[in-house]
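Below is one structure, written out as structure tokens; the observations come after it.
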Amino acid sequence: MTTQRHAFFSRMWTLRIITVIIFLILVGQLARLQFLQGVGFQKEAVVNRVRIVRKKAPRGVIYDRDGRILARNTASYAIAIIPAELPDDPDYEVSEQKRQAIYQAVYDITHEKLARHQDIPKGPTPTPDLTETHLILDVSQPPEPTVLTVDAMADLVAQRELGSAFLPVIVAKNLPREVALQVQEETYRLPGVQMQLISRREYPSGLYTSHIIGYMGPIPEEKEKDYAKKGYAPDAWVGWSDLEYQYEDELHGQPGVRVIEVDVKGREKNVVGEPTEPQPGHNLILSLDLELQKIMFDALTAGVNPKRSNSAAAVAIDPRTGYVLGMVSLPTYDNNIFADGVTPDEYKALSEAPGFPLLDHAISGIYPPGSTFKLVTAAAGLQEKVITRKTILNAPGIIYLPNRNFPDDPDLAQPFVCWIHKSGGEHGDINVTAAIAESCDIFFYKVGGGFPPTDFEGLGVQALADYAQLFGFGEHSGIDLPGENPGLVPDPKWKRLAKGERWVTGDTYNMAIGQGDVLATPLQVSMMTAAVANDGILYQPQVVVAATDYKNHLIKFNHPIVRREIPVDSKNFDIVREGMWMVVNWEYGTAKEVALPDVEVAGKTGTAEFFDPEIGRDLAGNLPSHAWFTAYAPYDDPEIVVTVFVYNGGEGSMVAAPIAQEILRGYFDIKARDEAAGSHSLLDQLEAIAP
Amino acid sequence: MSNQNWRRFDWLLLLAIVMLSIFGVIMINSAVQGDPELAGFPKRQAFYLAVGLALMFITAAFDYHLLRTLTIPFYIFVLALLAIVGAIGQSIFGAQSWINFFGLFPIQPSELAKVALALALGSYLATNQEHIGELRVVLTGLIIIAPIFALVALQPDLGTAIVLAVEAAAIFFVAGLRIRYIIAGVVLAALSAPLAWSMLAEHQRTRILIFIDPTANPDAYFNVKQALVGVGSGGLLGKGYGQGTQSQLHFLRVRHTDFIFSVIAEELGFVGATLMLLTLFFIIWRLWRIADGAADPFGRLLVTGLTAIILFQTLVVVGMNMGLLPVTGLPLPFVSYGGNAMLSLMIFIGLAQSVTMRRN
């Protein structure tokens, strides 16, 4: 033996120690992975193999009161590739070649069939001009067929293979049915290629009802968790606005769920547990009458001067129930454009277009209600005994409110004018009904804020504000649509906090005629008028009245909801209604041109001044004004309330009242026709069987 | 063969190897379930085990000194084979390393290269052990292994090239290489790293890059990640034989070779995997003991080289299954599927037995 020995241990022993260290490291790492990090890896192993496969439930259909379809599901045809079914050769190159050939074939065949289908080559797609003021914004067009490039197909398939290889990858979509079928015929030999029917939301009434129905889109990022908790698939679509949003839970239904164990290719190996079948969503039946809605839309579109007004709204309510019969907001848009998804740029352009087409001005727009608010002042004044039917107040064209601190100095007195003063006129001695009919400002200044020179005591700001609240101003009406604005009923506390100023009698004057800081939505004005018409019941407006399941069994009926009974005596409402009757039917009424031959209409005009820095004042120094008209009919047995609002429309009597007249005429024409035919609406039938 | 003594044959070593190899066949059987193309693999592995055992006894029966006399012809034969592989070998996973001998046994010349290197370097250093301190001897030793190393590296078969380097290093070390040469060697290796990098094939670079930055290539990282999940989700006792979700649902790739350890750790847990590691440790320990007790330096160096291979491959394969080392494609000794690896390992063991049977 000539082994060279080290002083302490041989080199053989060094190797033995290295061996021990190596094995200790290996066992140590094994323990670390299996014990310290074991739970995490066990979870990963489960995530690896367990897939939740959801079968989409058909979304509920939305009908109007007569059963006309407002939202439904249609199919769009697509070609898909299922990565798990593509050829898979152990040799990567070989399987890539085979796959490329399939992608190429799908691409070529689809393009060939599409080209044959559309003999005439298409020009560039017209892009909507969003810079001009459009009251109607219609950018809808049949969705363009799209086919992915071969490279894009390969990329998407590769991505999907890392995750859920059994889920189809859409490679061509929005194909005409014939094209899809032809492609299917020619590709049946190709493994992994499939024709797919994709459910697509369609709105047959499009821009007529877009602010009621709304639209859908992919789950917003910030709500991913919420929807996942509810069992939504990550690629599910959800309601984004209006009824599609508000009634998401009812409309969506429950997707069918199968939990499966898959292998690395995503091929199904086992089913875990009991699969569940999809439960279709519920159908909604609205109080809306599509026919009336179209009449409202057409009347509003025709009656509005787009050069002046960037927006307008009309609301029709049944005062006996609070059900919404029609609701139109201009400018509008075609909600069908959302069916295939919009790009963020398209969405931005639409939401920022002049007049904000995506906004429902009937419930989200707040404006000074102007003279329509005098109905509240009148009712409050009568109920609080500030005035009676017989009280006569003097109404010159202009009055001077003495300065609080120097009541005897006429130079410091503040002038308040009536609208009639501009033409040099005055209303003279006048009672409440005539004041409503002629829309006398001075009368209501005095009722609201009193008039110290004659020792006449008015309601005062608090009583006025309280009654405004009772009539539903300054609070959400509770309509089943999202995005409602509560508006504003000012009072001294609000003014102190918001403006840092003391409330003065002049503020009460302005408030009494619906000016100053009072802000209301067209819907709130409608609900006020409905309460006057029905003797003081403030209903909660409702759009959806009934819901049925997919077998059309009634599962829910929304009876009218009374928000409150306004504490104003019936005899006082009689007086206010008489004033409203005179507005339309008396020779000095502000809207006597809009009377209907067969039906007695009662209403109130409004010409609400507002300040908009872009519009400013006219040459005479007058502020621009919104045109309002709110009316109900028939006078003796009210069944419809119509409110029309036209932004910067000018005189309510000139602009808004004729539109309301058209709508009322349309309503009673439809009613006469239906009664002659003896037909009953779907809603009536459902109401008959509702519990 | 005067001092041949079957009573000195290490039967405990044989027992451990047979147990481990049968365990390997059983685990391969689990790994290839549900894959019709691989269905015959457990049987083939069992067949190779039987053939390998026969080869081991035959090898053990021969005096290893006899083999020493054949060193030069064998060395030239292996060099020739490696050269031929470069020209006609089949391409497998990018490495030109297989020759189908008579259409029966695929022979991997790189396995023979391991034996040839141990014989040649062991023989030379055993003769010149007195002068191991001289640079001349060290350089001659390096020159002897250079051609064989270069041919393997050029195939390119990075895994085997590194194994050869480790084997040579162990032999030099036990032969008494001076510390200053060891330091010089380490420095040289570090300096030549950029050159080595440029010689690597694309897929080998990818593997190393993935090891350094796993997120760089998610697709390739997938394999490593799945192996980790397999090992980590095994727990104390595992998911049960044939019940590993990672392996049975094929999230693990090359389950029967590269990632067999992950299958074991997943299905048999910490207990099963540790028992297997202990068996391997026992085998290596017995081999060191044989090297230590060899009758002459040649026997010691021969066994040292072969044992270093087994230790190194264990470290690399188990380490890569647990995310400690980059993926190399080496087999786990006695356990991974592979006829060639099994046959050459059995020849190694036969040589070791031959050495221990002829100790003083």
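Listed values, structure above:
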read-out	value
Shape category assigned to segment A:52-286 from the gyration tensor of Cα positions, a/c cut at 1.5	oblate
Residues A:GLU346 and B:SER198, FRET efficiency given R0 of 45 Å [Cβ-Cβ distance, rounded to 0.05]	0.30
Partner chain coverage, peptide A:35-43 - average Cβ within 10 angstrom	5
Inter-label distance for A:LYS499 and B:ALA184, nm, one decimal - labels placed 7 Å from Cα along Cα-to-Cβ	9.8 nm
Quotient of C-alpha Rg and 2.2 N^0.38 Å, computed over segment A:398-530	1.15
Local electrostatic count, B:GLY238, Cβ distance below 9 Å [Lys/Arg +1, Asp/Glu -1]	-1
Relative contact order for chain A, counting Cα pairs under 8 Å that sit 6 or more residues apart, in percent	14 percent
Segment A:VAL39-A:ASP549, extension gain: residue separation times 0.36 nm, minus the distance between their alpha carbons	179.2 nm
Cα-based Rg / Dmax (Å) for segment A:234-319	22.9, 67
Signed unit charges on C-beta, dipole axis of segment A:290-689, positive-most listed residue A:VAL601, A:ALA591, A:GLY621	A:GLY621
Summed side-chain charge close to B:TRP288 - residues other than B:TRP288 whose Cβ falls under 15 Å, Lys, Arg +1, Asp, Glu -1	+3
For segment A:536-615 versus segment A:153-201, the gap between their alpha-carbon centres in whole angstrom	53 Å
A:GLU224/A:GLN462 FRET efficiency (R0 56 Å; Cβ-Cβ; nearest 0.05)	0.70
Exposed-loop-free span, longest in chain A, where GluC sites (Glu not before Pro) count as exposed if DSSP calls them loop and at most 10 other C-beta atoms lie within 10 Å	A:133-500
Tail fraction, Cα-Cα pairs, the protein assembly as shown, threshold 59 Å, whole percent	43 percent
Across A:LYS294/A:LYS556; A:LYS390/A:LYS604; A:LYS493/A:LYS571; A:LYS55/A:LYS269, pairs whose alpha-carbon gap is larger than 29 Å	A:LYS493/A:LYS571
Stretchable slack from A:ILE398 to A:ILE615, in nm (0.36 nm times residue separation minus alpha-carbon distance)	75.5 nm
Shielding by other protein chains, A:14-20, mean Cβ within 10 Å	6
Ratio Rg/Rh [Cα only; Rh per Kirkwood] for segment A:290-689	0.98
Gyration tensor verdict on segment A:26-87 (Cα atoms; rounded if a/c is under 1.5, prolate if a/b is larger than b/c, oblate otherwise)	oblate
Additional length obtainable on full extension of the chain from A:ASN270 to A:GLU426, 0.36 nm per residue less Cα span	47.4 nm
Order of A:ILE212, A:ILE399 - criterion: other Cβ atoms within 10 Å of each residue's Cβ, fewest first	A:ILE399, A:ILE212
Cα gyration tensor shape of segment A:565-676, rounded if a/c is under 1.5, else prolate or oblate by comparing a/b with b/c	prolate
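Every number in this text was worked out from the coordinates using simple rules, so none of it is lab data. Nothing here was measured: the structure is a model prediction, and the numbers come from that model. Reconstructed Cβ throughout: ideal geometry from the backbone, glycine too, with neighbour counts over all protein chains shown.
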